[in-house]
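The values are calculated or read from the model by the stated rules, or taken from the named source; none is laboratory data. Being a predicted model, the structure only gives us computed values, none of them experimental. We place every Cβ from the backbone using ideal geometry, glycine too, and count neighbours over all the protein chains shown.
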Amino acid sequence: MSIVRDTPLPERGRAASIETLGMTMRFGAFTALDDVSISVPAGSFHALLGENGAGKSTLVKCIMGFYHATSGSLSVDGREVAIASPRDAATHRLGMVYQHFTLVPSLTGAENLVISRAEVPAVINWAKERRELAEFMERMPFRIPLDRPVSELAAGEKQKLEIVKQLYLGRSFLILDEPTSVLTPAEADEMLGLVRGMTESGGLTVLMISHKFHEITKFADDVSILRRGKLVGTGKVGDLSTADMAAMMIGNVKLAELDSRAPVRESAETVLRLSNVRAPDRSGLKTIEIDDLSVHEGEIVGIAGISGNGQKEFAEILSGQRPLSAGNIEVNGSSYGATRAQTRANNVRFIPEEPLQNACAPRMTLSENLSFRTFDLKADGRDALWLSKAGMKERATALISDFKVKTASSSSPIAALSGGNVQRAVLARELTGDVDLLIVSNPCFGLDFSAVAEIRARIMKARNAGTAVLLLSEDLDELLEMSDRIIVISEGRLVYETPARGADIGVIGAHMAGHH
Amino acid sequence: MDETNIGLWGVPLAILAGAIRVSTPFIFVSLGEAITERSGRINLGLEGTLVFGAMTAYAVAVLTGSPWLGVLAAMAAGAVFGLIHGFICRFPRVNDIAIGIAMMQFGLGFAFFLGKPFIQPSAPKLPSIPLGNWSSYPQVQAALNINVLFFIGFALSLFLFWAFRNTRPGLILRVVGDSTDAARAMGINPDRVRLLATALGGSLAAVGGAYLSLYYPGSWNEGISSGQGLMAVALVIFARWNPIHCFLAALLFGGTGALGPALKSVGVTQGYYLFYAAPYVLTLAILIATSSPHRALSGAPGALSLTK
């Protein structure tokens, strides 16, 4: 048989095993990985837990040859190997599925698969390739359309295609880096179930980086936990409780606790009301249609949905970045067009996703960024022409200590802060003073436990003080924890509403996936 | 009635002939730029490359007596210009657009400097294929006397269209242009691909220049280019990075460009100057009509600094 691929397919019982011994990685004086030894036997499903910066990605990058470990060794199938580059890793049948998609958006699935091979013929015979791909897909548990550009696929399909790509390349040891972060619960379960099936049949070994305990307990055999570069625990998943794992992961850090939820008053007034709002989406081909939505004071309304179903556009509509083609938005009973004057008069505040890009001027100082809402006002509320540098600095210092923003100084550029601290700074700016309406989008994406707990506590505190909160999030757990009501957005429409207490995740997931 | 007077038929005929004559350099420059931009980089220096190519082709044709050697020499010179651009752009924090503008000025100045001795001598012209011999009208014969480079350009646009989909280099080019990270993850070196794509783009742009000095207008002087190298960059965007569309856009551009001279030739004496602006007005109008404030440019390579 003429082999065009490196190896045809992982065969039954040919899964690879790996073992790291005393893996250590130093960047200058900083030790990112400290003497980590883990063993992943062939055909097992191993989970790797740890907070941001705990060394998970350093470890897998050392395994994959992106980094060269300062000391320590790696064995594949019991033999020590030297892996100098991802290409070397590939020859040992090690593959990785990244958190961010590495598929090329404008190429079709088939083109993506073929071009990723090590040996591609100079002229591609598509008839032959298609036949072989169809044959290959027969043996795959996943069903994915291969003739459409990847940019048109749903997130779940892309993630499956990423995995299929690795298998197509003949990899029999896969590292999955938070593979379910963009999937619905149902998609995630299906995908992990299929992968689990492949490990059970002995064709594949998996090392999965994850933050989600329920996935780990449901699908993984073993778990290793990293904290600050050290291996702090490892064992069978069955022997460890979720609380044990969490404790090992975060150490003895005191997490901020959520305020207990004050009940929503019967007479709570409507702060935000959208009626018959229409706006074109990003592609200009579909429309965002919000028929009716109201958010009352002292409640959190969560908007659930799979990434790319109009949440971004919805947030842009509310922040005035996307013009309406019809409908109207009211805040506190009067029409709202998101001008600076209206925002100020109605105390509307925003915490957009990726705050460094969307809510900050990255190269301006922390103190300047903290004054974006107030720099043009005098103390008595009239328009100011001259900036009061001293006042800005004083205010910034107070906010920095109040919101525990870790920074070298208030005059360092905000881009120099870590993600969690940027988010804290934006919260400090947006939650200071009277807030009638707070619009928050994915506030905890990519942050570690203590930052997440802190930020959620701040939002809950604002809610209890009477702020109306609209929370757009792709993290369903977050929505269930924070919201009073959950509304599902799918293809630009609000399709389902439920009180958060006692909500059925299955039903929410089905609506998110478009079954309604 | 005069046997050779074809009256108002002269206008469409002149437009056709003009389209073919004027579009040829646009075809080459825009195909070259399409290759470069598909790799995720913009080379604005093609105007300089084009003029330098025109000078090189003319000089080599004068010295050797062979126009085709001139074209080859121009391609080599254009590739060198592309390599310089690509080489500089691989350094961090270097902006490809700024380098392109610098390279444009460098190419223009260097061509004028080296080309001084070649303004006087005359070079052999590139051949053309007389397709109009069936007609007794000299106008038709003249209009259908089509240069060889036009056919090569047409074939090249079809070839590139096919190659972007069906060859390994084509797919690699698209991967690099769409996502630098994906390319790296595949073990492709994006800088090398872009270097080669810029070199190839430069050599094609230089062929456009060779056409100017060796066929139409067919002489070498400092005013040889009227901005073809710059307009081609706009044409590529207008053609949405598709080689066949590049070819058609170049034809359309050439055809509207021939409108002014054609009207003049049939005796319109007033206002025909306005039609000299027709290609630019048309380009503006089409770009405005096909753009939208609400969505991103479709078909644009994702790694292009225009779309970042």
From the list B:210, B:234, exactly one residue is part of a helix (DSSP H, G or I), within 15 Å of the chain's Cα centre (by Cα) and more than 18 Å from residue B:75 (Cα to Cα). Which is it? B:234
Limited to the stretch B:155-174, what total is found for residues that are surrounded by 17 or more Cβ atoms within 10 Å (Cβ to Cβ), touching a residue at least 40 places away in the same chain (Cβ under 8 Å) and more than 21 Å from residue B:191 (Cβ to Cβ)? 4
Residue A:55 passes all but one of the listed conditions (1) more than 10 Å from chain B (Cβ to nearest Cβ); (2) over 25 Å from residue A:193 (Cα atoms); (3) touching an Asp or Glu at 6+ places or on another chain (Cβ under 6 Å); the exception is number (3)
Restricting attention to the stretch A:364-389, which residues are modelled with pLDDT of 90 or more and more than 22 Å from residue A:467 (Cα to Cα)? A:364, A:365, A:366, A:367, A:368, A:369
Which one is nearest to the other protein chains (Cβ to nearest Cβ) among residues in the stretch A:274-316 that are at positive phi and surrounded by fewer than 21 Cβ atoms within 10 Å (Cβ to Cβ)? A:284
I'd like to check something: does the stretch B:5-20 contain any residue that is aromatic (Phe, Trp, Tyr), part of a helix (DSSP H, G or I) and modelled with pLDDT of 95 or more? no
The correct count of residues that are more than 20 Å from residue A:173 (Cα to Cα), in contact (Cβ under 8 Å) with a residue 12 or more places away in the chain and within 9 Å of another protein chain (Cβ to nearest Cβ) in the stretch A:85-113 is 5
Test result for residue B:43, at pLDDT below 95, more than 30 Å from residue B:263 (Cα to Cα) and within 15 Å of the chain's Cα centre (by Cα): yes
Strands (runs of 3 or more DSSP E) wholly inside the stretch A:34-89 that include at least 3 residues being at pLDDT 90 or above and closer than 22 Å to residue A:220 by Cβ: A:45-49, A:71-76
Failed criterion for residue A:367 (all others in (1) over 26 Å from residue A:442 (Cα atoms); (2) surrounded by 16 or more Cβ atoms within 10 Å (Cβ to Cβ) hold): (1)
Among the residues of the stretch A:116-129, is there at least one that is under 21 Å from residue A:173 (Cα atoms), exposed (fewer than 14 other Cβ atoms within 10 Å of the Cβ) and either within 12 Å of chain B (Cβ to nearest Cβ) or small (Gly, Ala, Ser) (or both)? yes
Identify the residue in the stretch A:456-476 that is among the β-branched types (Val, Ile, Thr) and either outside any loop (DSSP other than H, G, I, E, B) or out of contact with any strand residue (DSSP E or B) (no Cβ under 7 Å at 6 or more places or on another chain) (or both) and, among all such residues, is surrounded by the fewest Cβ atoms within 10 Å (Cβ to Cβ). A:459
Please find, among A:64, A:96, the residue that is hydrophobic (A, V, I, L, M, F, W, C), in contact with a Lys or Arg (Cβ under 9 Å, 6 or more places away or on another chain), within 26 Å of residue B:186 (Cβ to Cβ) and assigned by TED's automatic domain parsing to the domain that holds residue A:149. A:96
What's the number of the only condition in (1) in contact with a strand residue (DSSP E or B) (Cβ under 6 Å, 6 or more places away or on another chain); (2) surrounded by fewer than 23 Cβ atoms within 10 Å (Cβ to Cβ); (3) not in a strand (DSSP E or B); (4) not basic (Lys, Arg) that residue A:494 fails to meet? (3)
The helices (runs of 4 or more DSSP H) lying wholly within the stretch A:115-229 that contain at least 3 residues that are of a type in the set (D, E, K, R) and in the same structural domain as residue A:62 (by TED's automatic domain parsing) are A:126-138, A:155-168, A:185-200
Conditions (1) buried (at least 16 other Cβ atoms within 10 Å of the Cβ); (2) more than 23 Å from the chain's Cα centre (by Cα); (3) away from every other protein chain (no Cβ under 14 Å); (4) under 30 Å from residue A:129 (Cβ atoms); number of the one not met by residue B:132: (4)
Picking from A:497, A:478, A:491, which residue would you name as being more than 22 Å from residue A:329 (Cα to Cα) and modelled with pLDDT of 85 or more? A:478
Looking at (1) closer than 29 Å to residue A:193 by Cβ; (2) within 14 Å of another protein chain (Cβ to nearest Cβ); (3) in contact (Cβ under 8 Å) with a residue 24 or more places away in the chain; (4) surrounded by fewer than 22 Cβ atoms within 10 Å (Cβ to Cβ), which is the one condition that is false for residue A:38? (2)
Output the residues belonging to the stretch A:317-335 that are under 21 Å from residue A:493 (Cβ atoms) and crowded, with 21+ Cβ neighbours inside 10 Å. A:317, A:318
Residues in the stretch B:150-175 that are over 30 Å from residue B:128 (Cβ atoms), at the interface with chain A (Cβ under 9 Å from one of its Cβ atoms) and in a helix (DSSP H, G or I): how many? 9
